[in-house]
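Student: Here it is, the structure, as structure tokens.
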Amino acid sequence: AHSYTKYNTWDTIQSWIASISTSNSDLISKQVIGNTFEGRPMTVLKLGKRSSSTKPAIFMDCGIHAREWISPAFCQWFVKEALSTYGSDSQMTSLLNQMDVFVLPVFNVDGYDFTHKSNRMWRKTRSRKSGTNCFGADPNRNFNAGWCTAGASSNPCSDTYCGSTPESEIEVKNVADFIRRNKSIIKAYITIHSYSQLLLFPYSYTYELAADHSELLKVAEGASAALRSLYGTAYTSGPGAATIYPAAGGSDDWAYDLGVKYSYTFELRDTGRYGFLLPESQIKPTCEETMLAVKYIAAYVQKNL
Ligand code: 0X9
Ligand code: ZN
Ligand code: ZN
């Protein structure tokens with residue numbers, strides 16, 4: 001059965017997506033943005049008060065990397081909190097009245113399913129290409145942003161394989177198409193990974209500072225302070241290349257260069273004790289503290305529309 005404090009399988013998440021979107025039809029709707037390589041649907045949930053005019057929006061995805069299980073857990077938590085606090089929490093109410101939040105609970109569905117059934121430490125997609133016996137590409141090296149120029153591999157057997165071309169992975173193409181299609185309304189892009197307790201922003205494909213560097217840093221530091229206020233969890237903020245490592249082809253840099261100014265990558269708990277194997281007992285505190293950071297960013301974006 002589905003639980004917000006457990007790591008749910010894809011089958012359980014898929015049923016949860018179906019039931020949550022019909023039981024709260026006033027605030028939530030769903031749309032399939034395409035299928036994965038293995039044919040599973042990629043469903044985006046739209047959270048927001050129904051409105052006659054088109055609203056500005058935030059796009060958030062979880063589960064780009066298969067083994068980072070805390071990430072899909074956070075997207076599920078976010079949807080639950082949005083629905084359950086709308087009408088009582090003034091910030092959530094105002095956010096969902098004025099904006100829509102698009103949530104993709106699991107980006108790399110095939111990989112996520114594979115980590116439950118075969119290999120817990122799988123990272124990439126599960127695509128097959130002729131000329132190699134290795135599976136998949138790293139979806140966060142497959143976006144068209146300095147593609148395969150740094151911190152990525154052209155070896156199909158590497159965990160950071162950039163793919164045969166930008167957007168060669170159907171999951172990446174589906175998300176990129178959705179964001180391009182909704183480019184005029186999407187004001188922020190948030191992508192959830194683990195682990196290391198970092199709040200990153202462009203660029204990662206170059207050490208050059210983004211045109212909006214000081215504003216992106218200011219908002220990241222405010223969000224990190226909000227996160228820390230709950231349980232004291234310390235986050236480091238900064239541009240990806242200098243803060244974690246140079247790595248091209250990431251979704252954050254791609255969204256930013258497309259024109260989505262507020263583009264952030266979270267690396268959730270922890271700093272390495274458990275790493276990707278974060279115990280289920282940490283799902284609730286991790287999600288509660290991360291909510292504060294995401295809501296901080298959302299409030300800033302909303303104020304600056
Ligand atoms: O390497 C990554 O893709 C991310 N770290 S992870 O351990 N979750 O794999 C960091 C992504 C930072 N942004 C870009 N490299 N564009
Ligand atoms: Zn990741
Ligand atoms: Zn809560």
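The values are calculated or read from the model by the stated rules, or taken from the named source; none is laboratory data. Remember, predicted model here, so these are calculated numbers, not experimental data. Every residue, glycine as well, gets a Cβ built from its backbone with ideal geometry; the counts of neighbours run over all protein chains shown.
Student: Here's a check for you: in segment 98-119, which residue that is farther than 25 Å from residue 289 by Cβ and of a type outside the set (Ser, Thr, Tyr) is nearest to ligand 2 (Cβ to nearest atom)?
Tutor: Top of the filtered list is 111.
Student: Something else: Mind checking which residues of segment 282-305 are of a type in the set (S, T, N, Q), over 11 Å from residue 70 (Cβ atoms) and touching a residue at least 60 places away in the same chain (Cβ under 8 Å)?
Tutor: Once the filter is applied, which keeps residues that are of a type in the set (S, T, N, Q), over 11 Å from residue 70 (Cβ atoms) and touching a residue at least 60 places away in the same chain (Cβ under 8 Å), segment 282-305 yields only 302.
Student: A further question follows. Within segment 106-126, work out how many residues are in a loop (DSSP other than H, G, I, E, B) and among the hydrophobic types (A, V, I, L, M, F, W, C). Steps first, answer last, please.
Tutor: First, pick out the residues of segment 106-126 that are in a loop (DSSP other than H, G, I, E, B): 106-108, 118-126.
Right, trim to among the hydrophobic types (A, V, I, L, M, F, W, C) and you get 106-107, 121-122.
Qualifying residue count, segment 106-126: 4.
Student: Against the definition (outside any helix (DSSP H, G or I), acidic (Asp, Glu), away from ligand 1 (no atom under 16 Å from the Cβ) and within 19 Å of residue 115 (Cβ to Cβ)), how does residue 38 come out, yes or no? Spell out the reasoning first.
Tutor: Numbers: outside any helix (DSSP H, G or I): yes; acidic (Asp, Glu): yes; away from ligand 1 (no atom under 16 Å from the Cβ): yes; within 19 Å of residue 115 (Cβ to Cβ): yes.
So residue 38 fits the description; yes.
Student: Ok, one more. Would you mind finding the one in 80, 129 that is modelled with pLDDT of 95 or more and basic (Lys, Arg)? Talk me through it step by step, then tell me what you get.
Tutor: Values: 129 fails: modelled with pLDDT of 95 or more.
Answer to the check: 80.
Student: Looking only at segment 52-105, count every residue that is away from ligand 3 (no atom under 15 Å from the Cβ), in contact with a Pro (Cβ under 6 Å, 6 or more places away or on another chain) and either within 18 Å of residue 2 (Cα to Cα) or assigned to a strand (DSSP E or B) (or both) and tell me the total.
Tutor: Within segment 52-105, residues that are away from ligand 3 (no atom under 15 Å from the Cβ), in contact with a Pro (Cβ under 6 Å, 6 or more places away or on another chain) and either within 18 Å of residue 2 (Cα to Cα) or assigned to a strand (DSSP E or B) (or both) number 4.
Student: From the list 296, 300, pick out the single residue that is assigned to a helix (DSSP H, G or I), buried (at least 18 other Cβ atoms within 10 Å of the Cβ) and not small (Gly, Ala, Ser).
Tutor: 296
Student: Identify, from the list 70, 58, 20, the residue that is surrounded by 17 or more Cβ atoms within 10 Å (Cβ to Cβ) and over 19 Å from the mean Cα position of the chain (by Cα).
Tutor: Going through 70, 58, 20 in turn, the sole match is 20.
Student: Also: Would you confirm whether or not segment 169-180 contains a residue that is within 15 Å of ligand 2 (Cβ to nearest atom), among the acidic types (Asp, Glu) and at negative phi?
Tutor: Yes, segment 169-180 has at least one match.
Student: Also, I was wondering about something else. Of the conditions (1) buried (at least 19 other Cβ atoms within 10 Å of the Cβ); (2) of a type in the set (D, E, K, R); (3) under 30 Å from residue 55 (Cβ atoms), residue 269 clears all except one; give me its number.
Tutor: Checking residue 269 against (1) buried (at least 19 other Cβ atoms within 10 Å of the Cβ); (2) of a type in the set (D, E, K, R); (3) under 30 Å from residue 55 (Cβ atoms), the one that fails is (3).
Student: Could you say whether any residue in segment 222-233 is free of Cβ contacts under 8 Å to residues at least 40 places away in the same chain and within 21 Å of residue 207 (Cβ to Cβ)?
Tutor: No, segment 222-233 contains no residue that is free of Cβ contacts under 8 Å to residues at least 40 places away in the same chain and within 21 Å of residue 207 (Cβ to Cβ).
Student: Those residues that are away from ligand 2 (no atom under 16 Å from the Cβ) and either charged (D, E, K, R) or modelled with pLDDT under 95 (or both), I need them from segment 254-295; list them, please.
Tutor: Here is the first cut: in segment 254-295, the ones away from ligand 2 (no atom under 16 Å from the Cβ) are 256-262, 273, 279-285, 287-289, 291-295.
Within segment 254-295, 257, 261, 273, 280, 284, 288, 289, 295 meet the criteria.
Student: Any residue in segment 163-192 that's part of a helix (DSSP H, G or I): show its pairings with residues that are charged (D, E, K, R) at Cβ separation under 9 Å, as long as the two are six or more apart or on different chains.
Tutor: Taking only residues 6 or more apart or on different chains, the pairs are 171/110; 173/167; 175/61; 176/167; 177/167.
Student: Give the residue, chosen from 10, 69, that is in contact with a Ser or Thr (Cβ under 9 Å, 6 or more places away or on another chain) and in contact (Cβ under 8 Å) with a residue 24 or more places away in the chain.
Tutor: 69
Student: Consider residue 227 against the criteria (1) crowded, with 20+ Cβ neighbours inside 10 Å; (2) away from ligand 3 (no atom under 16 Å from the Cβ); (3) among the hydrophobic types (A, V, I, L, M, F, W, C): it satisfies all of them except one. Which criterion is unmet?
Tutor: Of the numbered conditions (1) crowded, with 20+ Cβ neighbours inside 10 Å; (2) away from ligand 3 (no atom under 16 Å from the Cβ); (3) among the hydrophobic types (A, V, I, L, M, F, W, C), the odd one out for residue 227 is (2).
Student: Inspect segment 251-270 for any residue being among the aromatic types (Phe, Trp, Tyr), out of contact with any strand residue (DSSP E or B) (no Cβ under 8 Å at 6 or more places or on another chain), more than 18 Å from residue 91 (Cβ to Cβ) and not in a helix (DSSP H, G or I) and give the result as yes or no.
Tutor: no
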